[in-house]
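To start, the structure itself, in structure tokens.
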Number of protein chains: 2
Amino acid sequence: MLVKIKHDKKVKLLQKPPLRSSGKIGSDIRALRRSRNWTLSDLAKTLGRSVGWLSQVERNVSELGLDDIRNIARLFSLPVTFFFTDAADSNEAAYIVRSGTRRIMTDTPKGLAESLLSPDLGGAFEIVHSVFAPGAACPEPFVRPTEEAGYVLEGSLVLFINAARFELNPGDSFRFSGEKISWINEGAVNAVLIWVIAPPVY
Amino acid sequence: MLVKIKHDKKVKLLQKPPLRSSGKIGSDIRALRRSRNWTLSDLAKTLGRSVGWLSQVERNVSELGLDDIRNIARLFSLPVTFFFTDAADSNEAAYIVRSGTRRIMTDTPKGLAESLLSPDLGGAFEIVHSVFAPGAACPEPFVRPTEEAGYVLEGSLVLFINAARFELNPGDSFRFSGEKISWINEGAVNAVLIWVIAPPVY
DNA sequence: TGATGAAAAAAATATTGAAAATTTCATTTT
DNA sequence: AAAATGAAATTTTCAATATTTTTTTCATCA
């Protein structure tokens, strides 16, 4: 991208490496906001902040306080830890998520524990590692404006697609789009799945 | 969709259930053609057939012969078996792929065995089950106009992203987009991955 | 200094006309 | 009769432009 330079001041600013708010919280917020189809103005209003401020925050130009982070986490039903990573190698972190360092997406643990397999938010789809505890169930059927697919790693999950019942076992996979979905783990052990959602909903 | 009815003949035709060429080969062909950005005319020419004929075939309005199927399979580097499924429950087949009945995508087995985890072609992304034999390697680095992600189920795979080397082990995941990629299984056992590609390339 | 609010810039969203692709179907071929 | 063609009719796609919305920038305020 070419940048038109007008003043010396701006030059200095642009030459500085972007101050990464420990991982790029701003970019995460932008992706989360976009996944909800909210505008800067929508989110700023909710947070009781100005549009200009949010614009700078999302571009990692200015830091935000812990209070704001907490508000945002709550707003998107994410644990605050979601926004903090301790990646050793930053080039690796751009592409790889190691088994032990996934970002946990589950706010209040309750039967379903989800963690992110993609290195960051954004992109055409989202890949999630999901653990369904025994007895866990989706409270009520849902429909999402997404295309979703999954693969069973362990255990067994019962998936209802438009009221049809399918029992999925390790190695089984599925895909649906715009269907009415619900699920339950009727087994005695965790059901572990890989779940792909396009576009991301987080 | 509303259908304007003009003649009695047409009414009868429309009321008939669509004659499924054992699984919907036509739809597969359409998806394959589209994934290559070919027009009906492009493919028809290659097959030495008329555009009108291909249009009917792709819409499952008319059958095609085994010769044509063979040509098409070869054209897309797929085994002929790819186009035939023996799904018991047709509603299930629309959503679920059972562990044992995946469609095999590998034409000439050679280190990498891929099979389709999605119930059919088409959609925003493709999910593939990939088995990399010990020693198997990608001949030369490639770049694809896609966003791709993966998850390691078993074994170990070395992935090069823009010349950076990453050794991936079970539970590790990755994602890239527009990078220069190559890979090799340096281990002594199969490396088994789930691979997601958007949009599909087949 | 952190944040605001309004002007400037950029991006997304419609509109439209033309071109390309697809479908339909009467006719020809086998 | 069934299979396949080719051309007309229809639909879709694409590019160019105007409009509106969203985002960025930055002078100024608390």
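The values are calculated or read from the model by the stated rules, or taken from the named source; none is laboratory data. Treat the numbers as computed from the prediction; the structure is a model and nothing was measured. Cβ: placed from backbone, ideal geometry, glycine included. Neighbour counts: every protein chain shown.
Taken over the stretch A:58-75, residues that are out of contact with any Pro (no Cβ under 9 Å at 6 or more places or on another chain) and within 9 Å of DNA strand D (Cβ to nearest atom) amount to 1.
Just one of (1) β-branched (V, I, T); (2) within 24 Å of A:P199 (Cα to Cα); (3) within 11 Å of chain A (Cβ to nearest Cβ); (4) surrounded by fewer than 21 Cβ atoms within 10 Å (Cβ to Cβ) fails for B:I194. It is (4).
The residues of the stretch B:28-50 that are surrounded by 14 or more Cβ atoms within 10 Å (Cβ to Cβ), over 25 Å from B:T146 (Cβ atoms) and near DNA strand D (Cβ under 10 Å from one of its atoms), listed by number, are B:A44, B:L47, B:R49.
May I ask you to list the residues in the stretch A:56-110 that are basic (K, R), away from DNA strand C (no atom under 16 Å from the Cβ) and assigned by TED's automatic domain parsing to the domain that holds A:D28?
A:R74
All of B:T101, B:T106 fail the test of being in contact with an Asp or Glu (Cβ under 6 Å, 6 or more places away or on another chain), free of Cβ contacts under 8 Å to residues at least 60 places away in the same chain and either within 30 Å of A:L168 (Cα to Cα) or buried (at least 16 other Cβ atoms within 10 Å of the Cβ) (or both), apart from B:T106.
A:A113 falls short on exactly one of the conditions (1) more than 16 Å from DNA strand C (Cβ to nearest atom); (2) surrounded by 14 or more Cβ atoms within 10 Å (Cβ to Cβ); (3) more than 16 Å from the chain's Cα centre (by Cα); (4) of a type in the set (G, A, S), and that condition is (3). One residue stands out among those in the stretch B:123-149 that are at pLDDT 95 or above and acidic (D, E): the one that is surrounded by the most Cβ atoms within 10 Å (Cβ to Cβ), which is B:E126.
Quick check: is even one residue across the stretch B:180-190 away from every other protein chain (no Cβ under 11 Å) and either closer than 16 Å to A:S118 by Cβ or in contact with a Lys or Arg (Cβ under 7 Å, 6 or more places away or on another chain) (or both)?
Of the stretch B:180-190, the ones away from every other protein chain (no Cβ under 11 Å) are B:180, B:182-190.
From what is left, the residues that are either closer than 16 Å to A:S118 by Cβ or in contact with a Lys or Arg (Cβ under 7 Å, 6 or more places away or on another chain) (or both) are none.
Looking for residues that are away from every other protein chain (no Cβ under 11 Å) and either closer than 16 Å to A:S118 by Cβ or in contact with a Lys or Arg (Cβ under 7 Å, 6 or more places away or on another chain) (or both), one finds none in the stretch B:180-190, hence no.
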